[in-house]
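A.B. asks: After the structure tokens below, expect a handful of questions from me.
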Amino acid sequence: MDISITLLSVIDSVARFFPPVLVKNTHCALSGPFTRDTYYAIREGMFEKFSFFGSIYSYMKQPKYLDEAFEQVCAELTETFLKKHKDYGKDNILDTGELGIAFRVNDKLSRLKNLLNQGKKPTNESLEETWSDIGVYSIIALLLKRGWFEKLNVKK
């Protein structure tokens, strides 16, 4: 049985009572009932995020090539950096420098190793978020070493 058809029948049944809203991405936005056309638009990559029962779900576009996948992950890391940078600013990095970043990455790696070795499911952030944080810290370390982290500001 085609899982898409099964998913469509569930969506058709539930959407009558709980119409979700699609969230704007870089190309376009749509709101209203979740229909077959909406499902196909998401599946074909026209939308990257959508709301269902009030929760935001990401729909990752499936890249065709490894370099496209790498670019997609880098874009996600940039988004993570910008969100966290708004809260933290620069001082938490500039106060402790490269050694501080190394300690933060070590904390993330220790958590990751503990969860993987014990086969535990995380209760706070996902393993993917942990890997993402490690990636962001790595890029920040490179920016710091090149003198860019201190000198440059985020484009508004």
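A.B. asks: Tell me the helices (runs of 4 or more DSSP H) entirely within region 87-156 that contain at least 2 residues that are modelled with pLDDT under 95.
C.D. replies: In region 87-156, 97-118, 127-145 are the helices (runs of 4 or more DSSP H) which contain 2 or more residues that are modelled with pLDDT under 95.
A.B. asks: Go through (1) among the charged types (D, E, K, R); (2) under 22 Å from VAL73 (Cα atoms); (3) touching a residue at least 60 places away in the same chain (Cβ under 8 Å) for LYS90 and report which single condition fails.
C.D. replies: (2)
A.B. asks: Just checking, how many residues over region 119-156 are surrounded by fewer than 10 Cβ atoms within 10 Å (Cβ to Cβ) and of a type in the set (Ser, Thr, Tyr)?
C.D. replies: So the count comes out to 1.
A.B. asks: Considering each of ASP67, ASP37 in turn, give the residue that is at pLDDT 85 or above and either assigned to a helix (DSSP H, G or I) or in contact with a Ser or Thr (Cβ under 9 Å, 6 or more places away or on another chain) (or both).
C.D. replies: ASP67
The values are calculated or read from the model by the stated rules, or taken from the named source; none is laboratory data. This structure is a prediction, so every number in the text was calculated from the model and none was measured. All Cβ positions, even for glycine, are placed from backbone atoms using ideal geometry, and neighbour counts span all protein chains on display.
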